[in-house]
Amino acid sequence: MRALGTRRAASSDDNFGREGPTRPLPARRLPARRRFRIAKILFAIVVVFAVTVGLLFVLTPSAGQATALAQAQAAEHHIAYPGPPVPAYFAQALIATEDHRFNADPGVDPLAMGRVVISWITGRRDQGGSTIDQQLAKNLYTGGHSGFMQVLEQMAIAVKLNQTYSRPEILRMYAEIAYYGHGYYGLEAASCGYFGRPPDRLTLVQAAMLAGVVNAPTYDDPLVYPRQARTRLVHVIDRMAAVGYLTNAQETAALNAPLGLSDVRGCQ
């Protein structure tokens, strides 16, 4: 009996502290009053956003003015408008670098829109990620300025531009009013000025250089800052390969190809 009692005591000691199967804790639900308050806040945000978008569409200028505005800028810079069609290499390089969802987005990038709102709320300056449509709206309608209200206006106009013009028309307007550094406005003037040839005769690497220089035309001017221009060119070609415009072999060939800057300024 003593041994049996000892075994029972040992058995009890072994089981002591063992946890049996535990039941999952019931999910904690927010009080009904708090859920209702959150729902009201979300609804208010949606309403304010919808009203703001509606007002922007009403108050911002018509996209139909874009052609006349582009023509006026071309005349100011003493270049012909409309210029020649945008070459495929230039279009691909510009899209890959500036707005790789250009052919699918509605004129704006929703994620970029969210960043603009957050930057305004937090007081930080984060207005990157502008689409090609937004950049065109910035150059045509807001004088190149990018304050918070101007960015909102650019977004509304970008959607209008997207709804009014085809993708090739947007690219053509963009190419014609862009500044390419060294005093060259418009794709034809830049092509003739840097390379002594019209846009339809540009090589892949030349088209990529022109598409890349519009982001910072003074800093990436290949005649003044060749090292910075080369760095930008490599980035553009890398982006073209990343989005599928170039194979690995084409990328390597482009990186090793001469740029071919002309000693004579202008097309013969």
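Of everything listed in (1) open to solvent by 70 Å² or more (accessible area, probe 1.4 Å); (2) closer than 25 Å to Ser130 by Cα, the single unmet condition for Arg201 is (2). Between Glu153, Glu176, the distinction of being over 16 Å from the mean Cα position of the chain (by Cα), under 23 Å from His78 (Cα atoms) and of a type in the set (Asp, Glu) belongs to Glu176 only.
Condition check ((1) outside any helix (DSSP H, G or I); (2) without any contact (Cβ under 8 Å) to a residue 24 or more places away in the chain; (3) of a type in the set (Val, Ile, Thr); (4) open to solvent by less than 30 Å² (accessible area, probe 1.4 Å)) across all residues:
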position: Ala137; (1), (2), (3), (4): no, no, no, yes
position: Leu140; (1), (2), (3), (4): no, no, no, yes
position: Met149; (1), (2), (3), (4): no, yes, no, no
position: Ile170; (1), (2), (3), (4): no, no, yes, yes
position: Arg197; (1), (2), (3), (4): yes, no, no, no
position: Gln206; (1), (2), (3), (4): no, no, no, yes
position: Met209; (1), (2), (3), (4): no, no, no, yes
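The values are calculated or read from the model by the stated rules, or taken from the named source; none is laboratory data. Worth saying up front: this structure is predicted, and the values here are computed from it rather than measured. Don't worry about glycine lacking a Cβ; one is built from the backbone with ideal geometry, like all the others, and counts go over all protein chains shown. Heavy atoms of the whole protein, side chains included, go into the accessibility calculation; ligands, DNA and RNA do not. Shrake-Rupley method; radii C 1.70, N 1.55, O 1.52, S 1.80 Å.
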